[in-house]
Amino acid sequence: MEGINKTAKIQFFFRPFSADPEIQVGIFVAFLVMYLTSLSGNTTVAVLVQTNHSLHVPMYFFLANLAVLEIFYTSAIAPLALANLLSMGKTPVSIPGCGTQMFFFVFLGGADCVLLAVMAYDRFVAICYPLRYTRIMSWPLCVELMVGSLALGFLLSLPLTILIFHLPFCNNNEIYHFYCDMPAVMRLACADTHVHETALYLISFVVLSIPLSLISISYVFIVAAILRIRSAEGRHRAFSTCSSHILVVLLQYGCTSFIYLSPSSSYSPEMGRVVSVVYTFITPILNPLIYSIRNKELKDALRRALRKF
């Protein structure tokens, strides 16, 4: 009971990137610019899809939902990280606050990974079964797939967060990170965490490997179908609808696999913090940029919107 009372009273603090206030302010400005750029880019994609009737097709429905997920995903991390940067690591976060941030980060990140697999399936149907596309990818199915992505993210996040925050936390309360990431928080527990590390690894493996396997299988069939297209223009058009998705998948899965599928013995807090910047701040910026640059319909919709102002 005494250990539970101690844990309940603990407040976590995040280790600053640097002891130099000027460097901290520089990093704060960089994070703020990235956060605002991510918000504006993903909001633009979501609004364009919503307001343009020509984009009311399954591919853009999933893209708009991906953009909305990215908005909430970065917003679960950025405000506390920015406050911490300005205060030189003196902004406290309570146990419930840290748990809430962790839950939403894992929930939205897991849903993001599943949604990328759903988008690969959408491209598979569009390219391999173009004449049956509208019948297979019906709106009820699209909504069910989106809700399923959110449900899986929720079901994976909740037990992990509860498991980790049942650990006792004693004297060491400085998280070597800029948000409540699971490996960084577990390192502060004053108890054996082997069971928790195993659970984290297994759930991470499920969340990352199964969707990635489905994406890979989809693209094997997609590439085979593209190679059967006789005209070079047709092959280019088919590939252009998939290349943006492939780039986003490589960024998202590459970084998260590095953090969550590496052995705990080889986990480096410093490297983990740097790599986390990529998938919490940089990837959400690149997603709308990659899709906008490589997608003609989205670029045309953006031009039409800009002409109205």
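The values are calculated or read from the model by the stated rules, or taken from the named source; none is laboratory data. Note that this is a predicted model, so its numbers are computed, not measured. Neighbour counts run over all protein chains shown; Cβ positions are idealised from the backbone, glycine included. SASA here: full protein model, heavy atoms, side chains in, ligands and nucleic acids out. Shrake-Rupley method; radii C 1.70, N 1.55, O 1.52, S 1.80 Å.
Values as computed for the structure displayed
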{"quantity": "Which numbered condition ASN42 misses (of (1) within 23 Å of TYR133 (Cα to Cα); (2) open to solvent by less than 30 Å² (accessible area, probe 1.4 Å))", "calculated": "(1)"}
{"quantity": "Boolean, ASN84 is assigned to a helix (DSSP H, G or I) and touching a strand residue (DSSP E or B) at 6+ places or on another chain (Cβ under 8 Å)", "calculated": "yes"}
{"quantity": "Whichever residue in segment 76-100 is open to solvent by less than 40 Å² (accessible area, probe 1.4 Å) and of a type in the set (Ser, Thr, Tyr) and, among such residues, is nearest to PRO16 (Cα to Cα)", "calculated": "SER87"}
{"quantity": "Odd one out for HIS177 among (1) open to solvent by 30 Å² or more (accessible area, probe 1.4 Å); (2) in contact with a helix residue (DSSP H, G or I) (Cβ under 7 Å, 6 or more places away or on another chain)", "calculated": "(1)"}
{"quantity": "Leading residue by the ranking (nearest to GLN24 (Cα to Cα)) among those in segment 87-123 that are touching a strand residue (DSSP E or B) at 6+ places or on another chain (Cβ under 8 Å) and not in a helix (DSSP H, G or I)", "calculated": "GLY89"}
{"quantity": "Residue list for segment 16-32, filter: in a helix (DSSP H, G or I) and either touching a helix residue (DSSP H, G or I) at 6+ places or on another chain (Cβ under 8 Å) or open to solvent by 70 Å² or more (accessible area, probe 1.4 Å) (or both)", "calculated": "PRO21, GLU22, ILE23, GLN24, VAL25, ILE27, PHE28, VAL29, PHE31, LEU32"}
{"quantity": "Of residues in segment 184-197 being farther than 16 Å from PHE103 by Cβ and assigned to a helix (DSSP H, G or I), the one least open to solvent (accessible area, probe 1.4 Å)", "calculated": "GLU197"}
{"quantity": "Residues satisfying the stated conditions in segment 211-232, i.e. open to solvent by 80 Å² or more (accessible area, probe 1.4 Å) and touching a residue at least 12 places away in the same chain (Cβ under 8 Å)", "calculated": "LEU214, PHE221"}
{"quantity": "Every residue from segment 154-174 that is at pLDDT 90 or above and not in a helix (DSSP H, G or I)", "calculated": "none"}
{"quantity": "In segment 233-256, the residues that are open to solvent by 30 Å² or more (accessible area, probe 1.4 Å) and in contact (Cβ under 8 Å) with a residue 24 or more places away in the chain", "calculated": "SER240, THR241, ILE246, LEU247, LEU251"}
{"quantity": "Residue check, LEU115 open to solvent by 10 Å² or more (accessible area, probe 1.4 Å), at negative phi, modelled with pLDDT of 90 or more and among the aliphatic types (A, V, I, L, M)", "calculated": "no"}
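Okay, residues lined up against (1) among the hydroxyl-bearing types (Ser, Thr, Tyr); (2) over 25 Å from ILE95 (Cα atoms):
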position	(1), (2)
ALA120	no, yes
PHE124	no, yes
TYR129	yes, yes
CYS142	no, yes
LEU145	no, yes
LEU152	no, no
SER157	yes, no
THR161	yes, no
